[in-house]
Amino acid sequence: MKIQHIMRVLSVLLILTLIIVACGGQQEATPVPATAPPAAATTAPQTGQETAEEQAEEMPEVPFDYPAGGYLERAIKGEFAGTTVTVDGAFEGNDVDGVKFSESVKAFEEATGITVNYIGNKEFEGSIAIRVGAGDAPDIVDFPQPGLFANFVRSGDVIPVTTFISDEWLSQQYNDGWREFNTVDGQEMGVMHRFSGKSLVWYPKAAWDAAGYEIPETWEELMALTEEIAADGDTAWCIGIESGAATGWVATDWTEEMMLRTTSLENYDAWVAGELPFDSPEVKNAIETWSELWFNDDYVLGGRSSIVSTFFGDAPGPMFADPPQCWLHKQANFITSFFPQGTEYGVDYDFFYLPPVDAAYGRPFLVAGDLMAMFNDRPEVRALMEYFTTPQSVSGWMEGGGAIAAHKTATREMYGSDLDWGVSELVNQATSFRFDGSDLMPGEVGAGSFWEQISSYVAGSIDLDTAMKAIDASWPR
Amino acid sequence: MSSAKRRKRLGSLFVNGALLIIILIWTIPTLGIFISSFRVRNDITTSGWWSILPHREWQATETIDPRAEGLDPTEVMVIAGVTGTFEEFRNGVTSPDGKRITWIGNRRIGMVEVQEQVWTVSWNFTLDNYRQVLGGQSFEFTRPDGTVEVVPGDNMTRAFLNSLAVTIPSTVIPILIAAFAAYAFAWMSFPGRKWMFILVVAMLVVPLQIALVPLLRDYRALQINGTFLAIWLAHTGFGLALATYLLFNYISTLPRETLESAFIDGASHFTVFTRLVLPLSVPALASFAIFQFLWVWNDYLVALIFLGGNPEFELVTQRMAAIVGSRGSEWHLLTAGAFVSMVLPLAVFFGLQRYFVRGMMAGSVKG
């Protein structure tokens, strides 16, 4: 009696599932015929044996540049229509960045008939290793950490872009500095895609103007301003480094900023490469420079003790209280997505460049960003890699905000707001720029001991020497 | 009144009190999330959910511009009949008539408020969180020609159907297999039975993470990677050891006489299994079904590896991870998301609980 009842329920459920799966299958199948017609249309003019000039005349109009004679050009002619390229990365396929990515590749898909299938997720660092290890590598991987990318290059999984993209084209699309980020052991293995600027200080513009504060040009001026705000009865800075398992990364950013501002680029590069130990006077001096600011309870909202427990995304919130509870917040340009709804750039908030400490080291700029690496060598994958060398491949982020194209061919018109364009201008004015050091270090340090030890140091549970020695000890030799 | 009676009453009072406290500790966070899910984003980030309860708050009755009054904040000031320094006014100075004089903001642009304590509730509720979770978020793009286009994000429907399509077979298949296996281990004698059972129990301690890479390789070879079949099999395999062990424990305690009399009457193993063992072990089946359903429904990693993070096969857990944004800027939506994803497991629990309770009662009064 009872068992019959259960069996009936189970069978109904099973049938239901099968129906759902069947429906899912249909949904999956529909995109293919949808992309096929333009493919068929573009295949028609392709005849093969023609001179380059004739081909150029026949090329359909596309909203982006492409290298002559490359795979992207062949793709636009429809040669690879109907194929699929899989891209993996560190954001979910349908979160904000996922939508921006699909907006970015729309022009490519329409022009070539190739389907770009994005399958990223937030456990990317772990899942990509599993996937590549099992021989199930995606065609292209969007790496937010060049350090992780370098691991895959050294294990021989990445196919170098220079095998099919000419040096001439790359130097036309990128400034030299950018190409170094995807160069491992002297060989250019991937292409830079987009970045965010980190050396930015945000302030509440309306109240700022009313109070008559001036934008500081040097570190002394910044400290004087901090002191002035304290004398006026407020705490100048909002600082929070809590970020779940990644707690501490904000402090590593400040360390990198100060490394760029208090010592030479050579020392920064040596530090990132593990040649200059953390327990050296240069690194300790850099950390002490920001400690002076962080550990003064008159300068930081809530005092030193609140820094570790404040979520980095919630940290700038008090800046938008009326009147502001703090006046300055250093963070990359993505922080605007955490600002309260309804606040507007140029009205409620604005940003300035985190000033240099020592004029001898110029105006360095700290950036972080994503690069694209190819894991499977097929013509349509090559075509998409070529597309990623154009600024239009970042259009989703440029129009929707949040990241800046790494290409020097990007123009003001491509950006949806003055904010992102302003950041890219600041980067162009910088005398030098470097990639976020913790993303370049080995994972054990850059995404491990550096975060942990610096957090303990900020919390006051260990002193600087102990923290630095612990990080050095964790560096894999 | 006897002391025994009093002690008994005291004891029950203690037990009830302890239970009440445990229930409160258990439910208050859930209640907090539930309330938060109806609050607007800026409220969630600036104040706690308990501010919906009536509380006393200082509210301005009058605002004084200190500059118009010619007050110098570097010296001792007299405001509304109260004397104090800037620091004192910043913290608020209470005047003799119960009002509070507070300097809001800094010396430069601050204002002085005369405040009164009033009872207030912040009932600024919205359904927007649920609308975004169920109906999808929307994203704005400013095109090069200056037009603003709103691109809608995914809604919850597909993720919900996908999760059902993964969870139901992943619950039913291991139960069916494990019930057969448990019966065989408990009531059939064959060589190596003991060792095989020990092997199954030993499987319990193997973490599923170490099986991910080899399984993925095999799936690739079989070309079923990224299909529902792959994830059904994976969950079946990962759940089977516990299922067999649980069901064995239950089935082996069934009264020997009942089964033996069935055998004497000429029943085959299959008849005994379907007509006697299965109906008698409904409570064990139901309790394992609850376990397995919750585990599969809440699983993120296994689905990620074997369904491949493909948006086409996105599950509710992946939808939740996506909805908060790459850096977690939309975390306020998690409150509504938690309740949406909780609905089905709750329904399963209460639906199966009936069998659970009835099964436990059955047999308890028979001799």
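The values are calculated or read from the model by the stated rules, or taken from the named source; none is laboratory data. Computed from a predicted model, the values in this text were never measured in an experiment. All Cβ positions, glycine included, derive from the backbone under ideal geometry; neighbour counts span all protein chains shown. Heavy atoms of the whole protein, side chains included, go into the accessibility calculation; ligands, DNA and RNA do not. Shrake-Rupley method; radii C 1.70, N 1.55, O 1.52, S 1.80 Å.
Overview of values
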quantity	calculated
By accessible area with a 1.4 Å probe, ligands and nucleic acids excluded, highest first: order of A:TYR268, B:TYR245	B:TYR245, A:TYR268
Separation in nanometres of the label points that stand 7 Å from Cα toward Cβ, at A:GLU266 and B:LEU13	8.2
Accessible area per residue, Å², chain B with all protein chains present, probe 1.4 Å	55
Simple label model, 7 Å out from Cα along Cβ direction - A:SER305 to A:ASP209, nm	3.9
Estimated [θ] at 222 nm from DSSP helical runs (n ≥ 4, -39500 (n - 2.57)) normalised by residues in the protein assembly as shown, nearest 500	-15500 deg cm²/dmol
Under the Debye formula (equal points on every Cα, no solvent term), log10 I(q)/I(0) of segment B:54-120 at q = 0.29 Å⁻¹	-1.40
Percent carbon-and-sulfur accessible area, chain B, ignoring ligands, DNA and RNA, probe 1.4 Å	65
Listed residue pairs exceeding 25 Å between alpha carbons, taken from A:LYS100/A:LYS122; A:LYS77/A:LYS122; A:LYS100/A:LYS408; A:LYS205/A:LYS330; A:LYS77/A:LYS106	A:LYS77/A:LYS122
Interface residues in segment B:105-139 - accessible area drops by 30 Å² or more relative to the isolated chain, probe 1.4 Å	B:ASN106, B:ARG107, B:ARG108, B:ILE109, B:PHE139
Potential lengthening between B:LEU134 and B:SER261 on full extension [0.36 nm per residue; Cα-Cα distance subtracted]	40.1 nm
P(r), alpha carbons of chain A - 20 Å bins starting at zero, rounded %	22, 49, 24, 5, 0
Segment A:ASP463-A:SER155, length gained on full extension (0.36 nm per residue, minus Cα span)	107.1 nm
Tilt relative to chain B, helix B:282-298 - C-alpha long axis, 0 to 90 degrees, to 10	50
For segment B:236-273 versus segment A:218-240, the gap between their alpha-carbon centres in whole angstrom	75
Estimated FRET transfer efficiency when R0 is 22 angstrom, pair B:THR46-A:ASP298 (beta carbons, to 0.05)	0.40
Cα principal axis extents for segment B:157-360, largest first, Å	67, 41, 25
Two-decimal log10 I(q)/I(0) for the protein assembly as shown, as the Debye equation yields it once each C-alpha is a single scatterer, q = 0.09 Å⁻¹	-1.05
Reach of B:LYS99 by Cα under 13 Å, taken over aspartates and glutamates that are not fewer than 8 positions away in the same chain	B:GLU57, B:GLU62, B:GLU113, B:GLU116
Å² per residue, accessible surface of chain A at 1.4 Å	38
Within the accessible area of chain A (1.4 Å probe), percent carbon and sulfur	52
Cβ-Cβ FRET estimate between A:ASN376 and B:MET111, R0 fixed at 51 Å, reported to 0.05	0.20
With Cα atoms, 0 to 90° folded angle of helix B:156-187 axis to chain B main axis	40
Value of Rg/Rh across chain B [Cα atoms, Kirkwood radius]	1.17
Extension reserve of the B:THR27-B:GLN209 stretch, reckoned as 0.36 nm per residue once the Cα distance is removed	62.2 nm
Projected label distance in nm at B:PHE125 and B:ILE177, using a 7 Å step from Cα toward the beta-carbon	4.7
Interface B:A - total buried accessible surface [probe 1.4 Å, Å², rounded to 100]	5600
Sites excluded, GluC sites (Glu not before Pro) in DSSP loops with at most 15 other C-beta within 10 Å, longest stretch of chain B	B:76-367
Part-to-part distance (alpha-carbon centres) for segment A:122-148 and segment A:349-425, which is given in Å	22
Dipole magnitude of segment B:86-242 about its Cα centre (Cβ charges: Lys, Arg +1; Asp, Glu -1), debye to nearest 20	740
Nearest-ten-degree value, helix B:333-361 long axis tilted from longest Cα axis of chain B	40
Mean Kyte hydropathy of -0.5 or more with a Cα span along the axis of at least 30 Å, helices from DSSP in chain A	A:2-29
Complex-versus-alone comparison for segment B:313-350, residues with a loss of 20 Å² or more in accessible area, probe 1.4 Å	B:PHE313, B:ALA321, B:ALA322, B:GLY325, B:SER326, B:ARG327, B:SER329, B:TRP331
